[in-house]
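Let me begin by presenting the structure, written as structure tokens, before commenting on it.
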Amino acid sequence: MGRAAVSDAAYQSSALFHAVQLALKTNDPRVAQRICENHLRLAPDDPEANRYLAQVLIVFGEHEQALHIATRATDLAPHDPRAWSDRGRVEVLSGNLRDAIACFEKAVEIAPNYADGWHNLGVALKQTGHSERAFEAVKQALVIDPTRADSYLTLGNLLVEHDQLDEAMVCFERAVTYNPNARTQARLAQELSQRGEVEQAQSLLQRSVALDPNDIDNWVDLGRTLEDLGQAEAALSCYRTVLRKQPGHAFVLGQYLALAKGDEGLEWLEQVEEVLDRPGDSKEGKALIGYGLARFYDRRGSYKEAAHAATRANAARRSATGPLDREGLQARVDAIMAAYSPEFFSERRRFGIGTDQPVFIVGLPRSGTTLTEQILAAHPFMHGAGELPDLARLARQVVAEDDAAPWQAASQLDEMVSRLLGHEYLRALRRNAQPDCPRISDKQPLNYFHLAFAALLFPNARVIHCCRDARDNALSIWMENFNPDQRYATDFDDLAFFAAQERRLMDHWKSVLPLEILTIHYEEVVADLERQARQLIAFLGAPWDERCLNFHQQDRAVQTPSRWQVRQPIYTKSIGRWRHYRDYLPGLERVFAEVV
């Protein structure tokens, strides 16, 4: 195979390679550039020096020159797979993905056992949406070199995109095993956090920032994880570190303002106001800062300023994401109500698993779902699993081949599949619970769209439906930094429409589902905690336990915007909160007048 058979190690023993690598490791790419250029003055036809120089130039954004030199390297060494692979990297960074793929394919054609080429081909195919080919390329890289941490990371990310979460975790764990650097540990930490294993995520992230203190993303993730664990001061310390290193970081500035206590944060207000009013800045950045500023003002009782900040935040978010598709939402709810009748469930009464362990807590976001789960999780017979993505994930999995909507999953199940999926869901539900825990809650609020699916998997499950005053509920959503996909959250008219569809669907479920459903009102819980807590515990068939009244004393991670409220004793200041904003947000009262 000629030069293609020469190992990387032979080339990497050269003085040129070591000099360039040393310069790059010390974050001095200009020195690396000068080393390559000096070498090329003496040996202009050295393909190695051309390869290295192209890689350095692309770092500076000199795409045209980098491509010219990378092409020269392949002309000089047409049988060297590394020359083609490095040229492919330059093509990727220049935005030429099709040409990059051709380069990587050339590299592995020349040297079928070249792991680096297969890995790069997989990454490029992933970026172009060719998932199946990307899987095969990355797997081939790992067949050749089973210790490639970056290939395990890429394969893990592909698996996450395809909802194969357990397999993805194995990949991330192997990446850490073979190369426990800041990047691999941080990625594993992110996935652990998604699975509710927050303390393990914290440990990995602390190691990551120790290994690479200049990685901003790791500091951000550590701050968010510490918030989930209720460690406010430690989280603020992480955010201050980020703001010292990158003062304009929009997400962190928003989180910092939302969390800062007392007068802390006042020194940032002038800068923040300038960012929000300045045209041309990132819309999403403005939204992130605006939501944090709104919470900062709200906490201080400056309701006019809070309303103004939240208005700007929602305007920025809405201009980027667009409004709620009301027609599409109503059509979905209409179709669900038409598809699922008492007869539908009666015909499938043998489906699923007989366990009554799952408890689905549903309702609008910010309607008291986190408080409800916190009360339940204080009981020794119960566990709160948080907001699991798995019910919706399994529904998507069922309809994936037919390109149908996830709500149609229940109609596509057969008896055997319902049991297989039930066991798969239970593995996710039980992941962090004590063995043989009688009741485990999943408080993903929007699972109300998937209750037909849940009923076929678990005909003996219980459902708790959380409700709250529509004005307080809408205001709480509108002032919170929700996922941009939640388009209903940025406008009161959209919120009213979304809430009306939720009520329609829940009324339908209460009339047709074979599941027991308990409706709980936030205001009643706040007014008489013990009575409502006793009702909840009785609904779940458990003996009363006084610890449920001290829910705020639990040492457990809470991964929702209510993480700080549920760590306090019960309070009433959130009831009628909308009245503080009556003069500044007249649309809120107008839109919900009929609902109330």
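The values are calculated or read from the model by the stated rules, or taken from the named source; none is laboratory data. No experiment lies behind these values; they were computed from the predicted model shown. Glycine gets a Cβ as well: all are built from the backbone with ideal geometry, and neighbour counts include every protein chain shown.
For region 263-295, enumerate the residues that are on the phi < 0 side of the Ramachandran plot and either in contact with a Cys (Cβ under 9 Å, 6 or more places away or on another chain) or outside any helix (DSSP H, G or I) (or both). Steps first, answer last, please.
Step one: of region 263-295, the residues on the phi < 0 side of the Ramachandran plot are 263-264, 266-279, 281-295.
Hits for region 263-295 are ASP263, GLU264, ARG278, PRO279, ASP281, SER282.
Just to be sure, is ARG504 at pLDDT 95 or above, of a type in the set (Lys, Arg) and in a helix (DSSP H, G or I)?
Taking the combined requirement at face value, the residue satisfies it.
Run down LEU371, LEU376, LEU364, LEU293 and say which single residue is over 24 Å from the mean Cα position of the chain (by Cα) and crowded, with 17+ Cβ neighbours inside 10 Å.
LEU376
Rundown of residues vs (1) surrounded by fewer than 19 Cβ atoms within 10 Å (Cβ to Cβ); (2) in contact with a Gly (Cβ under 9 Å, 6 or more places away or on another chain); (3) among the charged types (D, E, K, R), yes/no style:
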site: ARG396; (1), (2), (3): yes, no, yes
site: TRP407; (1), (2), (3): no, no, no
site: ASP414; (1), (2), (3): yes, no, yes
site: SER418; (1), (2), (3): no, yes, no
site: LEU426; (1), (2), (3): yes, no, no
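Take the residues of region 220-261 that are without any contact (Cβ under 8 Å) to a residue 40 or more places away in the chain and more than 20 Å from TYR291 (Cβ to Cβ): which is nearest to the chain's Cα centre (by Cα)?
The selected residue is LEU222.
Can you pull out the residues in region 50-73 that are of a type in the set (D, E, K, R) and closer than 13 Å to SER94 by Cα?
GLU62, GLU64
If we keep just the residues of region 296-327 that are under 27 Å from the mean Cα position of the chain (by Cα) and in a loop (DSSP other than H, G, I, E, B), which is surrounded by the most Cβ atoms within 10 Å (Cβ to Cβ)?
LEU324
Can you find even one residue in region 375-387 that is touching a Pro at 6+ places or on another chain (Cβ under 6 Å) and in a helix (DSSP H, G or I)?
Filtering region 375-387 for residues touching a Pro at 6+ places or on another chain (Cβ under 6 Å) gives 381.
With in a helix (DSSP H, G or I) added as a condition, the list becomes none.
The answer is no, given that none of the residues of region 375-387 is touching a Pro at 6+ places or on another chain (Cβ under 6 Å) and in a helix (DSSP H, G or I).
Taking the criterion of being of a type in the set (Ser, Thr, Tyr) and without any contact (Cβ under 8 Å) to a residue 24 or more places away in the chain, would at least one residue in region 195-214 satisfy it?
Start the filter on region 195-214 by keeping residues that are of a type in the set (Ser, Thr, Tyr), which leaves 203, 208.
Still in the running and without any contact (Cβ under 8 Å) to a residue 24 or more places away in the chain: 203.
Checked region 195-214: at least one residue is of a type in the set (Ser, Thr, Tyr) and without any contact (Cβ under 8 Å) to a residue 24 or more places away in the chain.
Step by step: first the residues of region 517-541, then only those that are acidic (Asp, Glu) and surrounded by 14 or more Cβ atoms within 10 Å (Cβ to Cβ), then the one that is farthest from ALA470 (Cα to Cα). Which residue is that?
The extreme case among them is GLU524.
Which of the residues belonging to region 118-132 are surrounded by fewer than 20 Cβ atoms within 10 Å (Cβ to Cβ) and touching a residue at least 12 places away in the same chain (Cβ under 8 Å)?
Across region 118-132, the qualifying residues are GLN127, THR128, SER131.
If we only count helices (runs of 4 or more DSSP H) wholly inside region 33-94, which ones have 2 or more residues that are β-branched (Val, Ile, Thr) and at pLDDT 85 or above?
On the way: elements: 47-59, 63-76, 81-93.
Ranges flagged: 63-76, 81-93.
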